[in-house]
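Peer 1: Can you keep this structure in mind? I'll have questions shortly.
The values are calculated or read from the model by the stated rules, or taken from the named source; none is laboratory data. All values reported here derive from a predicted model rather than from experimental measurement. When we count neighbours, we look across all protein chains shown, and the Cβ atoms used for this are built from the backbone with ideal geometry, even at glycine. Each accessible area value is taken on the protein alone, full model and side chains, heavy atoms only, with ligands, DNA and RNA left out. Shrake-Rupley method; radii C 1.70, N 1.55, O 1.52, S 1.80 Å.
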Amino acid sequence: MVSTANVSTIQVEEAASALAHQLRGIMLRPGDAGYDEARGVWNGMIDRRPAFIVRCAGAGDVIAAVNFARTHNLLVAVKGGGHSVSGASVCDGGVMIDLSLMRGVRVDPVARTARAESGVTWHDLDFETQAFGLAVTGGQISHTGIAGLTLGGGLGNLQRKLGATVDSLLSADIVTADGRLLTTSATENADLFWGIRGGGGNFGIVTSFEYQLHPVGPLVVGGIAGFEIARAREVMAFYRDFAANAPDELTLTLVFMGAAPPLPFVPDRMRFQPAVALVPCHCGALEQAMADLAPLQALEPDFASLGPMPYTAVQSLSDDALPYGTHRYYFKAGLLDRLDDATIDRIVAHATHLPTPFSNVLMPAMGGALARTPLDATAFAQRQATYEINIAVAWIDPAEDEQQVAWTRAFFEDVRPALHGVYVNSLSDEQERTTEAYPEATYRRLVEIKNRYDPTNLFRLNQNIRPTV
């Protein structure tokens, strides 16, 4: 007699085989060629093995994969760009719904819009939109996927001028837990449209995004101004005052580096040594941009390369510092309303002694257009902060995992009293902090939307908004 468990397993295998023959894309299982590559994600610390990987070619494949997972009560992971630091893009057992083959982008330069599928990276989207001198706010690392970043709100080099990514989102197509493909916009399924603009992947799988584009570039003023680590307090005090009075066109990021890069303009004495840097992106008129950055030049950096460059080059400046798949990462992050002397002292005490040469502390300035959008306009509502701090520790040897995680947590706990909330896309393995990413009223509204569109919590491998029905 065949046990119930075996019958269930046989049924799942039969259904999976049937699904594999229906797909425009492909299904991979353990042992198949390409399986290990497909299950890989940006964070090398993550090593999980799905029972099935559905590499979707379009919305029809996504619908079929969702129906398969729901019918057989299988855990679902969704991979766009695979940049989730917590590894939520891949699961053990269950189904990994991989969107990375869905890379279509269509730009309408007259209407200044772009329609992009959910496997698109920011490199892909920026390349296509910059052909017409257009852009939308989109991260600071070009191999990040557009899907996860957009659904969490979307910060980036243009945030002070254009606001968050979701502030330029016009519509999206989404497959919900019951297998429906819905269009969401201000006029269609408006409650769901509000929720996906900051609520993450909690309500379904977005298959395409439509963005309003804005004139940017093709040249902006960017680069890096670096300083010896002994000047950290001086640089942070300058950053605090300079960023407070910066024009909207300028987004400035302060970066502590475990090791200065071996670039031609970096002095030999500073290469591979700890450093602190200011990294600007100014999207205004070039002459005005250089004038606005004059105080930074007057600070007399120990090394610098600042000037006009393609916007796409600015977007990829951090790519090598946070490479895909080769390093193990652990992040802790939060938002700061202000940067007083005591907080500067706490940050400097840790950030000047990063534990590996691959580690960074990133502090982008917020404000500008980001802060002027009403808090209830989107589910992304952490708009009033002045800075974000992201402690990004990276290493290679798995034997160091416990040590590096402990160091990161100790740094975070020391600065935590100064933090007020968190950007949901920066959360790591800390489900308990999800409510910190949303004001109370926003979170209650997200729960209502979750109850409506995913009452069984099929989509739970994320910073989860748990249903209450």
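Peer 1: Distance between Cα centroids, region 60-105 to region 293-359: provide it in whole Å.
Peer 2: Answer, in whole Å: 32.
Peer 1: Which whole number of Å³ per residue matches the convex hull of the alpha-carbon atoms in region 215-345?
Peer 2: 136
Peer 1: Here is a follow-up. Starting from the 7 Å offset along Cα-to-Cβ, what nm value, one decimal, do you get for the label separation of Ala291 and Gln212?
Peer 2: Simple spin-label model gives 2.9 nm for this pair.
Peer 1: How much FRET efficiency would the formula 1/(1 + (r/R0)^6) give for Ala377 and Ser305, where r is the Cβ-Cβ distance and R0 is 51 Å, rounded to 0.05?
Peer 2: For R0 = 51 Å, the calculated efficiency reads 0.85.
Peer 1: While we're here: Ranking request for peptides 372-383, 340-351: highest mean number of other beta-carbon atoms within 10 Å first, then the rest in descending order.
Peer 2: 372-383, 340-351
Peer 1: Then there's this: Mind running the shape call on region 271-391? Use the C-alpha gyration tensor, a ≥ b ≥ c as the square roots of the eigenvalues: rounded below 1.5 for a/c, prolate if a/b tops b/c, oblate otherwise.
Peer 2: In terms of gyration-tensor shape, rounded.
Peer 1: Taking every eigenvalue of the Cα gyration tensor of region 353-408, multiplying by 5 and rooting it, what semi-axes result, largest first, whole Å?
Peer 2: Here the semi-axes work out to 34, 12, 8 Å.
Peer 1: Here's another thing I want to ask about it. Relative contact order of region 312-469: what whole-number percent is it, with Cα pairs under 8 angstrom and at least 6 residues apart?
Peer 2: About 28 percent, as a whole number.
Peer 1: Give the Rg/Rh ratio for region 69-190, taking Rg as the radius of gyration of the Cα atoms and Rh as the Kirkwood radius, to two decimals.
Peer 2: Value, to two decimals: 0.99.
Peer 1: Assuming a ≥ b ≥ c are the square roots of the Cα gyration tensor eigenvalues, decide whether region 403-469 counts as rounded (a/c under 1.5), prolate (otherwise, with a/b larger than b/c) or oblate.
Peer 2: oblate
Peer 1: Same structure again: Can you tell me the convex hull volume per residue for the chain, based on C-alpha atoms, in Å³ to the nearest whole number?
Peer 2: Expressed per residue, the convex hull around the Cα atoms of the chain is 148 Å³.
Peer 1: Pop out the Kirkwood hydrodynamic radius of region 335-385 from its pairwise C-alpha distances, inverse of mean 1/r, in Å to one decimal.
Peer 2: 13.3
Peer 1: How do the peptides 141-148, 36-43, 199-206 rank, highest first, by the average count of neighbouring beta carbon atoms within 10 Å per residue?
Peer 2: 199-206, 141-148, 36-43
Peer 1: Between His72 and Asn464, how high is the FRET efficiency from 1/(1 + (r/R0)^6) when r is the Cβ-Cβ distance and R₀ = 25 Å? Nearest 0.05.
Peer 2: The pair His72/Asn464 has a calculated efficiency of 0.75.
Peer 1: What is the extension gain from His353 to Thr456, computed as 0.36 nm multiplied by their sequence separation minus the C-alpha to C-alpha distance, in nm to one decimal?
Peer 2: The span from His353 to Thr456 would gain 32.5 nm if fully extended.
Peer 1: Here's something else I'd like to know. Report in % the part of the accessible area of the chain that belongs to carbon and sulfur, leaving out ligands and nucleic acids; probe 1.4 Å.
Peer 2: Carbon and sulfur atoms account for 53 percent of the accessible area of the chain.
Peer 1: Give me the percent of Cα-Cα pairs in region 139-290 that sit more than 28 Å apart, rounded to a whole number.
Peer 2: In whole percent, the share of Cα-Cα pairs in region 139-290 beyond 28 Å is 38.
Peer 1: Can you pull the percent of Cα pairs in region 203-279 with separation above 18 Å?
Peer 2: 57
Peer 1: Further, regarding this structure: How charged is the neighbourhood of Thr456? Take every other residue with its Cβ under 14 Å from the Cβ of Thr456, and add Lys/Arg as +1 and Asp/Glu as -1.
Peer 2: Cβ neighbours under 14 Å give a net charge of +3.
Peer 1: Still on this structure: Determine the sum of side-chain charges near Val221: Lys and Arg each +1, Asp and Glu each -1, restricted to other residues whose C-beta is under 15 angstrom from that of Val221.
Peer 2: That sum, taken over residues with Cβ under 15 Å, equals -2.
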